[in-house]
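Presented below is the structure to which this report refers.
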Amino acid sequence: MAFDQQLVKQAVGRQEAAAHDPAGWIRLVAGPGSGKSFSIEGRVVHLLRNNVAADRILAVSFTRNAAKDLEKRIRTSCGDAGLPGIEDVPVATLHSVALRVLRLANLLTMYPVDPRVLDEWEMGQWIDAEFARFANVSPGRAREVREYHEAWWSTGQQNPANYIPANPPVSGQEQQQFVTYHNMQTGFYACLLVGEIMRTCMQNAGANTIDPRALLGVDHLIVDEYQDLNPVDLNFVDYLIGQGVAAFVAGDDDQSVYSFRHASPQGIQTFKQRFPAAADHMLSDCFRCTPAVLNAALGVLAGFTAPARIPKTLSSLYGTANPPVPGHAHWWKYSSPQAEAAAIAESCLELHDAGLNYGDIMILLGNRRATSAAIQDALTARGIPMSPVQVDAFRDTAAGRTGFSILRILIDPSDLVAHRNLLSLMPQMGTGRCLDVTVRCRNANISAVDLYQGHIPNGALTSMQLNKIDEVRTVVGALHGWSTSDTASQRGPALSQLVEDIGGAGTRQEWDTFIQTIPAEATLNEVSDLLYADSLEDRSNVVSAIHSRLGLPAPPTTDPNRVQILTMHGAKGLSAKVVFIPSLEETVFPNQRRAAKPGLVDEGARLLYVSITRARAAVFLTCTHSRNQNGAFVTNPPSRYLLHTGLQMQYRPQPTPVGTYLAQSVAATCMLL
């Protein structure tokens with residue numbers, strides 16, 4: 001199989017045209033598998049070749065690990081182009097950029113140390129749990145109150161689109177209680193919720209007390225995954241543009257699927273309205289998906305087109321290849337989840353027998369709770385190796401959080417949040433006692449820095465609390481003389497002992513099991529990066545970088561010997577030759593909460609679109625006749641999205657798999673890719 005070289009030349013020409021456009025503001029809309037990364041890397045190369053100083057360029061991406069991956073790709077592209085000074089091109093997350101602005105403006109003096117944004121584990125295990133005690137409410141209600149404030153801080157709106165209000169609504173009293181509690185924690189531990197840093201930055205910029213462009217020293221801004229920015233993030237980018245910064249924003253409104261982080265496709269959709277002089281580019285040649293796969297995905301979008309959607313004509317280059325590779329897309333309905341799962345498991349066996357590696361197969365779950373157990377049980381019963389869906393990152397286990405917090409303190413000894421995490425992970429130091437330590441310290445005018453590093457007056461804490469603080473101090477003190485460039489083999493036993501000192505022998509055993517999966521010559525900084533990874537893609541990027549640095553064979557993105565089971569969100573950025581997407585029924589996908597909000601229904605269509613386009617050769621969409629929900633069998637119609645795929649449903653009352661003939665046909669297709 002060979003792509004039509006004239007079409008490939010035209011597609012590459014469009015990638016280069018976007019990268020080399022002389023306009024000050026550029027919007028690049030890029031469909032899945034169309035080469036967005038090449039254009040972003042090419043943009044940096046173009047700017048450097050045109051004598052733009054490396055430190056006057058700023059590139060940003062969505063997450064910490066996504067930014068690191070972007071940085072690596074930019075470094076590689078610039079290095080291949082023979083450009084000097086490439087290490088001076090800053091690459092970061094937008095929130096870290098806002099934090100840098102506030103630091104440079106000397107606006108962080110209200111905090112005892114540089115503040116840190118809390119992650120999901122810290123918000124749940126710390127903020128929600130403590131606020132529940134503080135306000136005498138349930139942890140679930142505490143979470144709802146916290147989410148109300150996060151929505152407000154991330155959007156600047158009291159009831160933003162796609163925010164599902166708490167039932168009953170968050171009261172004024174609850175709002176004030178949370179502000180009181182949060183101010184106490186922020187002032188003590190310098191801990192922030194998502195959105196606070198950017199909101200504070202924009203408040204100061206709006207009041208003209210800071211000049212972000214001058215503070216950053218930036219002339220050119222490149223924003224990857226622009227569709228994933230929330231309204232306050234978008235305001236920050238718009239503000240920089242208004243200050244004369246040239247901007248290259250890249251993304252795809254059809255792949256905006258993070259409304260739970262308050263992202264909105266409207267940012268990229270309305271970019272041209274906000275900046276009429278901006279140049280507009282579109283990448284519409286898909287190098288990844290065969291026509292059958294892409295057409296099914298496009299059909300879903302066509303059935304749930306938002307009014308402001310950017311028109312596109314995405315097409316598969318496999319359709320005009322020599323010979324053409326049409327691909328496969330099917331919609332099957334089974335009698336029960338057990339029959340569905342058994343059929344998928346048997347299909348994996350048949351595809352493997354036809355010549356596919358198990359790692360060529362991906363199973364994507366739209367509702368993990370409703371689906372994962374049956375699928376994983378069926379694969380296990382048939383002896384199929386798999387990577388189960390990631391329920392919790394190792395970082396969020398007791399062992400993982402202990403080791404992660406120790407490494408964070410090694411990297412930044414002023415990380416008070418990591419100190420507090422260690423305190424909370426010690427035996428007998430539950431939520432109530434950690435909250436009591438904070439209250440006692442504030443009443444005695446003791447800072448968190450003094451708590452962990454200085455003098456504690458007699459009588460301020462109980463003897464038990466003092467003992468626990470001393471144990472944390474001992475662990476932190478043991479890091480003296482360590483470096484982040486030390487290797488796991490150099491510090492492994494000592495690090496394991498510190499983990500045991502905090503959590504006990506069982507915690508150490510779990511930590512040792514994890515650390516044995518990492519090359520012995522990986523640095524402690526690389527181990528930390530691996531723990532930071534939020535997705536399979538992020539983890540794969542970190543592991544690949546470690547292996548590359550050590551000269552080891554580069555591991556594949558997915559294990560070739562295991563079927564990958566992922567959530568739909570977790571698969572973004574990945575691909576596989578064959579993808580199964582089960583349990584596509586009403587009340588399951590979309591679930592009842594999403595079905596109540598039109599904006600979330602539209603986002604569900606985008607999420608399914610992203611999921612289908614993970615497949616290169618074949619996609620199998622399945623649903624069931626009935627399902628056990630809340631202890632009762634419920635008959636649900638197929639998901640509304642399936643009706644728009646252009647596929648004909650085939651009812652399979654028995655757990656009928658792909659079948660030998662179709663498995664061989666799919667395998668033959670895969671060989672052509």
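The values are calculated or read from the model by the stated rules, or taken from the named source; none is laboratory data. These figures come from a predicted structure and were not determined experimentally. Please note: Cβ atoms are built from the backbone with ideal geometry, for glycine as well, and neighbour counts cover all protein chains shown. Side chains included, ligands, DNA and RNA excluded: accessible areas come from the protein's heavy atoms. Shrake-Rupley method; radii C 1.70, N 1.55, O 1.52, S 1.80 Å.
A compact table of results
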{"read-out": "Solvent-accessible area of Ser61 with every protein chain in place, 1.4 Å probe, in Å² to the nearest 10", "value": "10 Å²"}
{"read-out": "Within the chain, helix-based [θ] at 222 nm, where runs of 4 or more DSSP H residues each add -39,500 (n - 2.57), nearest 500", "value": "-15000 deg cm²/dmol"}
{"read-out": "Cα centroid of region 85-135 to Cα centroid of region 575-593, whole Å", "value": "35 Å"}
{"read-out": "Residues with amide H under 5 Å from that of Gln629, placed H, sequence gap 5 or more", "value": "Val634"}
{"read-out": "Full-extension gain in nm, Gln157 to Asn51, via 0.36 nm per residue minus C-alpha separation", "value": "34.0 nm"}
{"read-out": "Rh (Kirkwood; distinct C-alpha pairs) - region 442-516, Å", "value": "14.3 Å"}
{"read-out": "Among the listed pairs Lys36/Lys312; Lys9/Lys272; Lys36/Lys72; Lys9/Lys36; Lys272/Lys597, those beyond 18 Å (Cα-Cα)", "value": "Lys9/Lys272; Lys272/Lys597"}
{"read-out": "Gain on full stretching of the segment that runs from Tyr239 to Lys72 - 0.36 nm per residue minus C-alpha separation", "value": "57.4 nm"}
{"read-out": "Where a label projected 7 Å from the Cα of Gln654 along Cα→Cβ would reach, residues of region 326-370 with amide N under 19 Å", "value": "332-351"}
{"read-out": "Using θ = phi - 60° and Karplus 6.51 cos²θ - 1.76 cosθ + 1.60, couplings along region 9-19 (whole Hz; Gly, Pro as x)", "value": "4, 5, 5, 5, x, 5, 4, 6, 4, 5, 5"}
{"read-out": "Segment Lys9-Met671, length gained on full extension (0.36 nm per residue, minus Cα span)", "value": "236.0 nm"}
{"read-out": "Anisotropy class of region 402-456 from Cα gyration tensor, a/c 1.5 cut", "value": "oblate"}
{"read-out": "Accessible surface of Leu83 - all protein chains present, 1.4 Å probe, nearest 10 Å²", "value": "30 Å²"}
{"read-out": "Computed label-point distance, nm, for sites Ile411 and Thr320 using a 7 Å Cα→Cβ extension", "value": "4.5 nm"}
{"read-out": "Between 0 and 90°, nearest 10: helix 291-303 axis offset from the chain longest Cα axis", "value": "70 degrees"}
{"read-out": "Å² per residue, accessible surface of the chain at 1.4 Å", "value": "40 Å²"}
{"read-out": "Positive-end extreme of charge dipole, the chain - chosen from Gly319, Met464, Ala596 (charges on Cβ)", "value": "Ala596"}
{"read-out": "Protein accessible area in the chain, 1.4 Å probe - carbon and sulfur %", "value": "50 percent"}
{"read-out": "Exposure ranking of Thr290, Thr200 by accessible area [1.4 Å probe, largest first]", "value": "Thr200, Thr290"}
{"read-out": "Overall form of region 578-671 per C-alpha gyration tensor (a/c, 1.5; a/b vs b/c)", "value": "oblate"}
{"read-out": "Amide hydrogen neighbours beyond the local backbone of Val563, cut-off 5 Å, H modeled", "value": "Met386, Ser387"}
{"read-out": "At q = 0.06, 0.07, 0.08 Å⁻¹, base-10 log of I(q)/I(0) for the chain (Debye sum, equal scatterers on each alpha carbon)", "value": "-0.36, -0.50, -0.66"}
{"read-out": "Under 5 Å, built H, 5+ apart or other chain: amide partners of Thr93", "value": "Ser61"}
{"read-out": "Probe 1.4 Å, all protein chains present, accessible-area order of Ser424, Ser463, largest first", "value": "Ser463, Ser424"}
{"read-out": "Prolate/oblate/rounded call for region 363-423, Cα gyration tensor, a/c under 1.5 rounded", "value": "prolate"}
{"read-out": "Calculated diffusion of region 32-171, Stokes-Einstein form, Kirkwood radius summed over Cα pairs, 4 °C and 1.567 mPa s, µm²/s", "value": "70 µm²/s"}
{"read-out": "Sequence-separation-based contact order of region 1-153, relative, with Cα cut under 8 Å and 6+ spacing, percent", "value": "15 percent"}
{"read-out": "Assigned charges on the beta-carbon of Lys, Arg, Asp, Glu; region 292-425 dipole about Cα centre (debye)", "value": "500 debye"}
{"read-out": "Accessible surface ranking that places the most exposed of His419, His455, His220 first, with a 1.4 angstrom probe", "value": "His455, His220, His419"}
{"read-out": "Met282 - accessible surface, heavy atoms, 1.4 Å probe, Å² rounded to 10", "value": "60 Å²"}
